[in-house]
Amino acid sequence: MNFEKIKVMRISRQPSSVEIKVDQKQPENVEYFNYLGNKISNEICTQEIKSRVALATAAFNKKKTLVTSNLDLN
């Protein structure tokens, strides 16, 4: 087991860290993580909305010149 890749997160109404030991070491407690392209956190809705808005903004900016240019319809 690769200890450097182990991270833990607790989803609860009362925020607190998780007390787990692996080989006498405590893994890193994280506030959120990405799983299958989705951001998982205590505030899943807020984080998910911000993440999707950022993705949409990036996609729009890639096509910005096409969308905002003056097209000659003739």
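See the values below:
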quantity: One residue from Leu73, Leu55 being farther than 13 Å from Val8 by Cβ, modelled with pLDDT under 80 and of a type in the set (A, V, I, L, M, F, W, C); calculated: Leu73
quantity: So Val67, is it outside any helix (DSSP H, G or I), of a type in the set (Val, Ile, Thr) and modelled with pLDDT under 75; calculated: no
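The values are calculated or read from the model by the stated rules, or taken from the named source; none is laboratory data. Note that this is a predicted model, so its numbers are computed, not measured. Note: ideal-geometry Cβ built from the backbone for every residue, glycine included; neighbour counts use all protein chains shown.
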